[in-house]
Amino acid sequence: MAILVTGGAGYIGSHVVKTLWDKGRKIVVVDRFSPEKSRAILKWARFYKGDFGNASLLEKIFSENEIDAVMHFAAYIRVDESMEKPLMYFENNVAKTIVLLKEMQRHNVKRFVFSSTCAIYGTPKYLPLDEKHPLNPESVYGMTKMMVEDILKSLSAAEKLGFVSLRYFNAAGADWKSGIGYYKKLHLIPKILDVVLGKEPELKVFGTDYDTRDGTCIRDYIHVLDLADAHVLALEYLENGGRSDFFNLGSGKGYTVKEVIKAVEEVCGKKIPFVEAGRRQGDVSALFADNRKARDVLGWNPKRELKEIISSAWEWHRRCFV
Ligand SMILES: NC(=O)c1ccc[n+]([C@@H]2O[C@H](COP(=O)([O-])OP(=O)(O)OC[C@H]3O[C@@H](n4cnc5c(N)ncnc54)[C@H](O)[C@@H]3O)[C@@H](O)[C@H]2O)c1
């Protein structure tokens, strides 16, 4: 039996493919992009290049492989872009997910692991954020993830679909030894590393007047390999009859932007020039997870601290990206 991974050529998906392969799982990937920076996944998975919302491609994939579970990573992921192009986001992240779920239904596939996000909580009413926190997404991107969670709840009740929705905080780091994964400049750590490598002259720090210990935003950074471990545990949980549920995946610790800059300086041994820019619309001052539910129910144990996240990212940038 195989696991279908949508978006398996992307950053988190490719790390999960590697981890599943290490566990001896059979993997099928569908992605619109060839895994240029993650060519190794062609060795670990049967690869279908195309759109996961294309019903005839899905029909081919489900007919040619014995799919037992789906891990659904494929999505558009930019908060700012989602506000400018909402229909594009609703179509890719919600409408196409319905096509995928229908195809699973046709082939009687009953296990689904979904990539959700802490963006569905909106501005925190309390911290750390647990799964009982009210959902109030403030972007179209966050709305699309909440809508899929609602669809999954209905399907779980109506036809016993077993799902786990994993609400990631800020994925970071890399498995540089396998050379997989690629980095988007929209994330803080890659942006800082671009400055270290001289690709950018300085870092812009958006907002220095937040009500935090040094005025900059606090976020929770979780190593992509800890995320990957959680996916394997989520799958095993469903296979062992676990009931459909939602889990936060964060380290449980929050770091300010200035603390991350300092940690990068320590890892790379270089001073990072930065300029203070104004707040960005939609940024909240602090976000970090209460991850006890994933620890208690899934047995998840995130092991990699901020410094390890940064050094893995730094190695990846130096060896794979320069
Ligand atoms: N990176 C983070 O910190 C973070 C945080 C919270 C949630 N997430 C979620 O995790 C998932 C993976 O994120 P990522 O950072 O790896 O993003 P990514 O952009 O690196 O990967 C997404 C992959 O999906 C593919 N894709 C998108 N639409 C497709 C379509 N219609 N058909 C086929 N392939 C398609 C892309 O080609 C890409 O390879 C997303 O669902 C995202 O919303 C990510």
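Here are the numbers for the structure shown:
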quantity: Sites Leu42 and Lys199 - FRET efficiency at Förster radius 22 Å, r taken between beta-carbons, to 0.05; calculated: 0.20
quantity: Percent of C-alpha pairs per 20 Å bin, the chain, short to long; calculated: 32, 60, 8
quantity: Hits among aspartates and glutamates - C-alpha to C-alpha of Lys18 under 13 Å, sequence gap 8 or more where chains match; calculated: Asp175, Asp226, Asp229
quantity: Tilt relative to the chain, helix 257-268 - C-alpha long axis, 0 to 90 degrees, to 10; calculated: 90 degrees
quantity: GluC sites (Glu not before Pro) restricted to region 1-86 and DSSP loop, no more than 16 other C-beta within 10 Å; calculated: Glu66
quantity: In Hz, Karplus ³J(HN,Hα) per residue of region 70-80 (6.51, -1.76, 1.60; θ = phi - 60°; x = Gly, Pro); calculated: 10, 10, 10, 9, 4, 5, 7, 10, 9, 4, 5
quantity: Those residues of region 1-36 whose amide nitrogen sits under 12 Å from the label point placed on Glu66, 7 Å along Cα→Cβ; calculated: 1-3, 26
quantity: Neighbourhood net charge (14 Å Cβ-Cβ; Lys/Arg +1, Asp/Glu -1) for Arg213; calculated: 0
quantity: Residues whose placed amide H lies under 5 Å from that of Phe246, excluding near-sequence neighbours; calculated: Ser165
quantity: For q = 0.15, 0.18, 0.27 Å⁻¹, Debye-computed log10 I/I(0) when each Cα of region 1-52 counts as one equal scatterer; calculated: -0.30, -0.43, -1.00
quantity: Translational diffusion coefficient (Stokes-Einstein; Kirkwood radius from C-alpha pairs) of region 236-322 at 20 °C, 1.002 mPa s, in µm²/s; calculated: 133 µm²/s
quantity: Reachable lysines from Lys271, criterion Cα separation under 20 angstrom, eight or more residues apart if same chain; calculated: Lys185, Lys191, Lys199, Lys204, Lys258, Lys262, Lys307
quantity: More than 22 Å apart - percent of Cα-Cα pairs taken over region 8-105; calculated: 31 percent
quantity: Inter-label distance, nm, simple model (7 Å from Cα along the C-beta direction), Asp214/Lys191; calculated: 1.5 nm
quantity: Computed over region 146-277: relative contact order in percent, which uses C-alpha pairs under 8 Å that are six or more apart; calculated: 37 percent
quantity: Inter-part distance where region 246-296 and region 91-132 are each reduced to a Cα centre, Å; calculated: 24 Å
quantity: Region 84-171, Rg to Rh (Cα coordinates; Rh as Kirkwood inverse mean 1/r); calculated: 0.99
quantity: Phi to ³J(HN,Hα) by Karplus 6.51 cos²θ - 1.76 cosθ + 1.60 over region 131-146, Hz, x for Gly, Pro; calculated: 6, 8, 4, x, 8, 8, x, 10, 9, 4, 3, x, 4, 4, 6, 5
quantity: Local electrostatic count at Val257 - Lys and Arg +1, Asp and Glu -1, tallied over other residues with Cβ under 9 Å; calculated: 0
quantity: Cross-link reach list, aspartates and glutamates versus Lys96, counting only Cα pairs under 19 Å and skipping chain neighbours closer than eight places; calculated: Asp31, Asp51, Glu59, Glu81, Glu149, Asp150
quantity: In order through region 153-159: 3J(HN,Hα) via Karplus (6.51 cos²θ - 1.76 cosθ + 1.60), integer Hz, x for Gly, Pro; calculated: 4, 5, 5, 5, 6, 7, 9
quantity: Rel. contact order, % - alpha carbon contacts under 8 angstrom, at least six apart, the chain; calculated: 19 percent
quantity: Cα→Cβ-extended label distance, 7 Å offset, between Leu127 and Leu57, nm; calculated: 4.0 nm
quantity: By average C-beta atoms within 10 angstrom, highest first, the peptides 305-314, 117-126; calculated: 305-314, 117-126
quantity: Semi-axes of the equivalent ellipsoid for region 176-297, Cα gyration tensor, largest first, Å; calculated: 31, 19, 11
quantity: Cut-off under 5 Å, modelled amide H: who pairs with Phe206 long-range; calculated: Ala277
quantity: Once the Cα gyration tensor of region 182-233 is diagonalised, semi-axes √(5λ) in Å; calculated: 25, 19, 7
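Bear in mind that the values in this text are calculations on the coordinates, not laboratory data. What you see is a predicted model; the values in this text were computed from it and never measured. For neighbour counting, all protein chains shown are included, and Cβ atoms are generated from backbone atoms with ideal geometry for every residue, glycine included.
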